[in-house]
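Accompanying notes for the structure given below.
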Amino acid sequence: MFYIKKSASTLLHRYLPDLWYLMLYRRTAKKIAYKFQEKDKAFQDLLQNGENKNCLQIGVRKKKFGPHWVSVDLYDQSDYIDYHYDIHDLKFEDAKFDVVVCNAVLEHVENPLKAISELTRVLKSGGLIWVEVPFNQHFHPSPTDYWRVTLPGLKVWLKNFTEISSGYFSVAKSAIHNGVYFYGRK
């Protein structure tokens, strides 16, 4: 009779799967090169480049970035939302905006490639785009939650843009809640 010694990892995986996954996420998170400072600096650069220009903010959290920003959210009925347009069919003329920010929205749309096509259409040639989406985050149906995308996947979605900066980021230094961002030029 053979006795096969099982590793601690195998035992955890079998009997305490939640703990095993948490350890796996923490181990993986340590390997990812999070770009906290680079991301913050890149976003501040984008905001400065957008001063006194036509700027579009898709998905607003609590406030607009400034008075010259046009805010769009299909569902949010807050006073600071300017238009309740569907991201798949923005009612703006072509090449209207110098800067477009789409933060934590693409995971909620049925067709992210069509949405990106609309963002591309309303962005001027040479304009700047910022897209941020969750990677590891709980399911949050508001109204629904369709997608998670890796950084290489986000780059495929935004392949028609020249990358300025991109990377992973964590939320509150969490090993579980994190996301990816892409900053580029049309």
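The numbers here are math on the coordinates, done by the rules we state, and not lab data. As the structure is a prediction and not an experimental result, all values here were calculated from the model. Cβ placement follows ideal geometry from the backbone for every residue including glycine, while neighbour counts extend to all protein chains displayed.
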Can you give me the relative contact order of segment 9-185 as a percent, contacts being Cα pairs under 8 Å and 6 or more apart? 20
Simple spin-label estimate for His140 and Asn160 in nanometres, 7 Å along Cα-Cβ: 2.8
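Starting from the Cα-Cα distance between Glu93 and Lys62, subtract it from 0.36 nm times their residue separation and give me the gain in nm to one decimal.
Separation in residues times 0.36 nm, less the Cα-Cα distance, equals 8.5 nm.
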In segment 9-185, taking the dipole from +1 charges on Lys and Arg beta carbons and -1 charges on Asp and Glu beta carbons about the Cα centre, the listed residue (Asn136, Thr162, Trp147) farthest towards the positive end is Asn136
Given unit charges at Cβ for Lys, Arg (+) and Asp, Glu (-), the dipole magnitude of segment 48-151 about its Cα centre in debye, nearest 20, is 260
